[in-house]
1. Determine whether residue 201 is assigned to a helix (DSSP H, G or I), in contact with a helix residue (DSSP H, G or I) (Cβ under 7 Å, 6 or more places away or on another chain), in contact (Cβ under 8 Å) with a residue 60 or more places away in the chain and surrounded by 16 or more Cβ atoms within 10 Å (Cβ to Cβ).
2. Within segment 71-78, can one find any residue that is out of contact with any helix residue (DSSP H, G or I) (no Cβ under 8 Å at 6 or more places or on another chain), at pLDDT 85 or above, farther than 16 Å from residue 160 by Cβ and in a helix (DSSP H, G or I)?
3. Condition first: assigned to a helix (DSSP H, G or I), surrounded by fewer than 21 Cβ atoms within 10 Å (Cβ to Cβ) and at pLDDT below 90. Can you find one or more residues in segment 150-162 that meet it?
4. If you take just the helices (runs of 4 or more DSSP H) that sit entirely in segment 205-311, which of them hold at least 2 residues that are within 20 Å of residue 105 (Cα to Cα) and at pLDDT 85 or above?
5. If you check residue 167 against the conditions, is it on the phi < 0 side of the Ramachandran plot, in a helix (DSSP H, G or I) and free of Cβ contacts under 8 Å to residues at least 40 places away in the same chain?
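The values are calculated or read from the model by the stated rules, or taken from the named source; none is laboratory data. Please read all numbers here as calculations on a predicted model, not as lab measurements. Cβ placement follows ideal geometry from the backbone for every residue including glycine, while neighbour counts extend to all protein chains displayed.
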């Protein structure tokens with residue numbers, strides 16, 4: 001059940017929607033469209049989380065889960081807003097098939113950084129209430145923290161879409177991961193107080209979902225928008241793998257060390273590695289194609305010229 005749920009979340013959440021919307025959006029507006037889609041997730045959480053909590057208290061978790069399933073069915077008629085349309089012409093030089101793209105080093109630079117993002121997201125989602133409790137705050141403070149982080153999450157997702165109109169995705173993504181690392185380091189070094197937790201909620205919320213639009217745009221520009229849905233789905237699956245380790249190792253850290261400090265250190269280090277992978281990706285994208293691919297047409301042209309002379 002958990003495996004099916006994780007795979008379904010990875011493949012059928014933002015991946016299909018961003019891929020379909022990106023095919024119908026102008027290139028300079030794709031980042032903003034992805035940012036709005038990304039902001040929809042935390043917006044739904046802010047609206048539904050109190051309702052689900054109320055339903056669990058009144059009717060139990062089975063009734064609440066059935067209600068969520070019924071709400072999910074509302075997406076079916078909305079899917080009819082995406083009728084079949086003629087596909088755009090492929091940009092020359094794109095990878096021929098999605099299978100070849102997955103074997104491409106650039107794909108794994110993008111997906112690898114997103115896996116580290118998954119580690120971060122799951123660690124915070126699962127263990128932040130425990131972190132807040134260990135800081136001496138009441139349980140009700142965790143709810144306020146999640147609301148503030150969710151609002152900042154929405155602002156960061158939409159804001160990065162506007163910024164993408166002026167800056168390239170790879171360096172922008174490196175900045176997002178770098179800011180995440182700085183926020184973690186500042187929180188760990190600061191005294192444990194309500195003010196520090198709230199500042200951290202805003203800082204980490206702004207970088208939470210803002211990694212998704214640049215990641216989707218990097219995949220679209222590198223491998224083609226027609227294959228974005230499939231490749232983003234594969235990237236989201238890798239994201240879920242990182243998320244598993246973030247949730248699991250958080251519990252391991254508390255069990256063996258009595259606190260979350262080892263995971264905070266690991267989270268900050270992974271954010272730095274994710275930023276470094278974007279710098280490597282920038283170098284990959286700037287590197288010229290192999291000489292043999294350029295030399296082959298010249299060799300063929302030389303042979304053809306000799307054939308014409310002999311004729």
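1. For residue 201, the condition - assigned to a helix (DSSP H, G or I), in contact with a helix residue (DSSP H, G or I) (Cβ under 7 Å, 6 or more places away or on another chain), in contact (Cβ under 8 Å) with a residue 60 or more places away in the chain and surrounded by 16 or more Cβ atoms within 10 Å (Cβ to Cβ) - is not met.
2. no
3. no
4. Result: 212-223, 228-257, 261-286.
5. No; evaluated as a whole, the condition is false for this residue.
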